[in-house]
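A short reminder: the numbers here are calculations on the coordinates, not readings from a lab. Bear in mind that the values here come from a model prediction, so they are computed numbers and not experimental data. FYI the Cβ positions are ideal-geometry reconstructions off the backbone, even for glycines, and counts take in every protein chain you see.
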Amino acid sequence: MASDSMGGALARFAVDAPLVLWLLPLALLPLRRSAQRVVPVAAVDAGPADALSQAVGWTLRFAGCLTLAGLVVGIAGPYRRGETITRTGIGAQISILVDRSGSMNETFAGRQPSGAEESKAAASRRLLGDFVGSRAHDQFAVTAFSTAPMLVVPMTDRHAAVRAAIQAIDRPGLDYTNVARGLAMGLAQFGPQAANVSRALLMVSDGAAVIDPRVQGTLRAEFARVRPNLYWLFLRTKGSPSISDKPAGEDTPQAAPERHLDLFFKSLGVPYRAFEAEGPEAVAAAIRQIEALERDPIPYTEQRPRRDLSWVAFGAALFGLLVLVAGKLAEADLRRARGANRLVAEAPSERIAA
């Protein structure tokens with residue numbers, strides 16, 4: 001077990017020029033040859049054993065080995081490989097489905113925006129942009145739908161890209177709302193993950209459309225497979241019927257599409273909540289509730305970049321070189337050298353005096 005962990009640790013290290021490492025045996029040269037000054041002695045056995053001198057000698061030899069080995073390894077360019085680390089944080093996978101039908105270009109009062117008024121689409125973009133990035137480990141996908149769905153950004157933890165994608169949904173929408181195809185594409189954004197990862201499908205829409213019974217079966221099967229928490233943020237125009245209002249006449253999907261879409265969502269067998277908002281403040285409050293509900297553990301990855309380690313090898317070589325320089329300076333008789341320099345300096349004056 002220990003050998004496996006050591007092998008895994010060593011596998012994270014590599015060099016840019018592995019052929020240079022063939023020069024490493026040169027680091028053993030100081031063990032064969034010493035750079036210390038040789039002093040002739042008639043009989044070494046006549047002198048007492050000097051443990052300190054032996055320790056200094058071996059220290060200088062190992063310093064020479066360290067210097068050569070450090071230079072060779074440093075030139076080879078050692079580095080630690082980049083790696084991907086999986087950690088666990090708090091958050092969720094959230095697939096945002098944004099309605100881009102023509103009515104989203106109107107205000108909550110049901111008219112074209114003027115002055116400081118915001119359309120329902122503009123308010124949604126602003127508040128969803130604030131929602132994205134409020135927690136570090138949430139993952140988001142964004143899909144826009146009207147007549148046909150359009151994938152804006154797939155599931156990602158790059159929050160800056162998600163916010164940019166939400167702000168990019170600013171083109172005038174179309175008149176028809178094909179909610180079935182939008183739901184199918186929103187569900188398709190959930191990738192394979194562990195069972196304990198929270199998944200949420202957030203649909204932001206101001207209306208609904210009739211879902212064909214044949215398509216309902218396909219959607220039921222997909223919801224049963226993914227099993228997301230479903231949230232419908234219904235941007236209700238003031239004065240329009242609520243999703244819970246039963247029509248006075250015939251109660252059919254054609255007469256009350258929002259009500260029957262709500263009933264369809266309730267029949268899916270997945271956690272479902274609908275929020276009716278009649279203004280930006282209500283939209284913000286609903287988003288805060290959704291954020292509070294989605295607080296489960298979620299795995300996320302951290303990318304560790306490659307790290308250059310040549311400075312460690314060159315630092316070791318510099319340390320060994322400083323030890324060798326200190327050893328050479330210890331060999332020099334500085335007092336004798338100063339005396340010789342003084343005699344050389346005084347010699348011309350003596351000749352002049354003579």
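What to note about this one:
- Taking amide H as placed 1.01 Å from N in the peptide plane, the amide H of Val152 sits under 5 Å from that of Val142, Thr143, Ala144, each at least 5 places away or on another chain.
- Dimensions of segment 249-314 from C-alpha coordinates, computed as largest minus smallest value along each principal axis and given longest first, are 86, 29, 20 Å.
- Per residue, the convex hull spanned by the Cα atoms of segment 64-123 amounts to 263 cubic angstrom.
- Scoring 139-147, 225-233 by mean Cβ neighbours within 10 Å over their residues and listing the highest first yields 139-147, 225-233.
- Listed peptides 244-252, 209-217, 319-327 by packing density, highest first (mean Cβ within 10 Å): 319-327, 209-217, 244-252
- Per residue, the convex hull around the alpha carbon atoms of segment 193-316 comes to 172 Å³.
- Phi-based couplings in Hz for segment 219-228 (Karplus 6.51, -1.76, 1.60; Gly and Pro marked x): 5, 4, 5, 5, 5, 5, 6, 7, 6, x
- Amide H contacts under 5 Å for Phe275, placed H, 5+ residues apart: Trp232, Leu233, Phe234
- Counting Lys and Arg as +1 and Asp and Glu as -1 over every other residue whose Cβ lies under 9 Å from the Cβ of Ser198, the net charge comes to 0.
- Environment charge of Leu183, counting only residues whose C-beta is closer than 12 Å and scoring Lys/Arg +1, Asp/Glu -1: 0
- For the peptides 116-122, 24-30, 60-66, 80-86, the ranking by packing is 60-66, 116-122, 24-30, 80-86, with the highest mean count of neighbouring Cβ atoms within 10 Å listed first.
- Using the Cβ of Glu291 as centre and a radius below 14 Å, the other residues enclosed give a net charge of 0, where K and R count +1 and D and E count -1.
- Scanning residues 5 or more positions from Gln139 or on other chains, those with amide H under 5 Å from its amide H are Ala92, Gln93, Ile94, with H placed 1.01 Å from N in the peptide plane.
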